[in-house]
Amino acid sequence: MKDNNEALPQLNELEIYVEASTSREGEIALFKGPGQDFELKMFKVRPLRPGEVLVKNVYTTICGSDLHTYCGLRNEPCPTVLGHEIVGEVLEIAPGHPGIDLRGRQLEVGDRITWTVFSSDPNSVNSLRGMPQKGDKLYKYGHVQASGHEVFHGGLATYCILQPDTGIIKLADTMPLPVAATLNCSVSTVAGALRMAGNIKGKTVLITGMGHLGITCAAMCREAGATWIGGADVSAKRLNDALSFGADEVFDMNADTDVLLRSIIASTGGKGADVVFDMSGAPDAMEFGIAGLGIGGCAIWVGAVFNTRPLQIDPERIIRSLITIRGIHNYNYEDFQYAFDFMDRNWQKYPFIEVVEKEFSLDEVEHAFVYAVAHKPLRVGIKF
Ligand SMILES: [Zn+2]
């Protein structure tokens with residue numbers, strides 16, 4: 001008992017710790033709004049508060065939602081520090097932090113980690129309902145307004161300060177940084193989507209939108225035992241990617257919709273797909289997906305995290321075909337761990353090592369975004 005008591009920091013110790021905390025300086029790439037250049041600035045790292053962890057960012061991938069913000073398709077409070085698909089190295093663990101990752105492994109200074117895109121109050125109603133991404137006191141890395149000393153909360157910066165109740169996973173050095181960086185957004189979101197779909201084993205699956213979410217979904221469904229996986233997109237390059245990540249058949253959405261649907265029906269034994277995942281957010285793709293479902297089918301919508309036109313759905317078809325539609329935004333801690341386990345087992349089985357098509361330094365962040373918008377690679381990486 002005595003040892004336990006000694007391990008817990010007392011209030012006066014916390015105050016001393018905060019006072020004694022480091023006075024590091026780091027760079028941030030400040031995003032001031034769509035159409036404006038990033039501003040590179042040096043800031044002092046503020047002292048840690050109890051329960052926080054200071055991380056040195058080592059690799060960040062630029063996610064589709066970063067690009068949407070950059071292009072003005074979604075609004076974030078500006079100025080902000082974008083980037084939330086991050087791998088970092090532990091520099092300091094403040095008293096009050098449990099000192100372990102989600103799997104109970106001891107966290108040490110120098111450990112390579114990734115962490116949930118959010119933190120929230122674990123005792124809030126939504127957290128207790130299995131939706132911590134909608135919990136109280138929600139804090140999302142790469143989505144917080146930069147103000148005063150609160151600037152180290154995104155991936156486009158030298159450091160990131162992790163809030164208490166952030167889910168951390170310790171990474172092995174064997175997983176390459178460009179693979180590990182995508183774990184905490186795209187891969188975990190796909191894990192959440194599969195959870196929403198239920199058991200995939202023996203099912204036929206159609207995926208619309210073959211960006212990083214789509215190709216990861218194809219590989220995850222393959223590993224989960226899907227019997228047939230169709231991938232649909234408007235880009236020939238992405239359809240080609242889909243085949244490398246486990247899709248059996250691909251559908252060019254530029255073609256006539258009725259022809260495509262007939263082909264899907266034929267490939268699913270005349271029934272239509274059991275599950276359709278929409279990763280694109282395109283209304284046409286979501287409507288197409290519903291049309292491609294068979295009796296008892298389930299549509300999981302993931303991609304439309306921006307404003308779209310309302311969909312046209314025939315309610316009679318939803319009712320008579322016993323169709324379910326579900327949405328998933330972000331993921332919970334179990335999905336995050338599922339994503340890690342999946343990637344740990346499979347990053348060499350599928351070409352995940354190739355998803356980062358070009359790397360940049362933080363000083364080249366403007367070029368990184370311009371390149372990503374112009375060339376639509378699966379990911380660009382920022383290497384520190
Ligand atoms: Zn993201």
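Considering only residues of region 157-187 that are of a type outside the set (A, V, I, L, M) and more than 18 Å from L91 (Cα to Cα), which is nearest to the ligand (Cβ to nearest atom)?
Only one residue fits best here, namely C185.
Quick one: in region 289-326, of everything that is within 28 Å of the chain's Cα centre (by Cα) and of a type in the set (G, A, S), which residue is surrounded by the most Cβ atoms within 10 Å (Cβ to Cβ)?
G289
Between a first residue in region 175-188 that is of a type in the set (G, A, S) and a second residue that is within 15 Å of the ligand (Cβ to nearest atom) and in a loop (DSSP other than H, G, I, E, B), which pairs have beta carbons less than 6 Å apart while being 6 or more apart in sequence or on different chains?
Taking only residues 6 or more apart or on different chains, the pairs are S188/Y331.
Given (1) out of contact with any Cys (no Cβ under 9 Å at 6 or more places or on another chain); (2) aliphatic (A, V, I, L, M); (3) modelled with pLDDT of 95 or more, identify the lone condition not met by I323.
Of the numbered conditions (1) out of contact with any Cys (no Cβ under 9 Å at 6 or more places or on another chain); (2) aliphatic (A, V, I, L, M); (3) modelled with pLDDT of 95 or more, the odd one out for I323 is (1).
Of G192, G154, G209, which residue is in contact with a Leu (Cβ under 8 Å, 6 or more places away or on another chain), within 16 Å of the ligand (Cβ to nearest atom) and either farther than 30 Å from S263 by Cβ or not hydrophobic (A, V, I, L, M, F, W, C) (or both)?
None of the others qualify; the one that does is G154.
Given the structure, is D66 surrounded by 13 or more Cβ atoms within 10 Å (Cβ to Cβ), closer than 22 Å to Y333 by Cβ and assigned by TED's automatic domain parsing to the domain that holds V144?
For D66, the condition - surrounded by 13 or more Cβ atoms within 10 Å (Cβ to Cβ), closer than 22 Å to Y333 by Cβ and assigned by TED's automatic domain parsing to the domain that holds V144 - is not met.
Do we find a residue being more than 21 Å from H84 (Cβ to Cβ), assigned by TED's automatic domain parsing to the domain that holds N254 and out of contact with any helix residue (DSSP H, G or I) (no Cβ under 7 Å at 6 or more places or on another chain) anywhere in region 204-213?
Looking for residues that are more than 21 Å from H84 (Cβ to Cβ), assigned by TED's automatic domain parsing to the domain that holds N254 and out of contact with any helix residue (DSSP H, G or I) (no Cβ under 7 Å at 6 or more places or on another chain), one finds at least one in region 204-213, hence yes.
Would you call T189 surrounded by 24 or more Cβ atoms within 10 Å (Cβ to Cβ), modelled with pLDDT of 95 or more and closer than 19 Å to N57 by Cα?
Criteria not met by T189.
Checking the conditions here, which among E287, E357 is assigned by TED's automatic domain parsing to the domain that holds V125, of a type outside the set (F, W, Y) and in contact (Cβ under 8 Å) with a residue 12 or more places away in the chain?
Within the list E287, E357, the selection yields E357.
Listed here are the residues, each with its yes/no results for (1) touching a helix residue (DSSP H, G or I) at 6+ places or on another chain (Cβ under 6 Å); (2) in a strand (DSSP E or B).
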| site | (1), (2) |
| --- | --- |
| K237 | no, no |
| I265 | no, no |
| K271 | no, no |
| S280 | no, no |
| E287 | no, no |
| I300 | yes, yes |
| N330 | yes, no |
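The values are calculated or read from the model by the stated rules, or taken from the named source; none is laboratory data. Keep in mind that this is a model prediction, so the values were computed, not measured. FYI the Cβ positions are ideal-geometry reconstructions off the backbone, even for glycines, and counts take in every protein chain you see.
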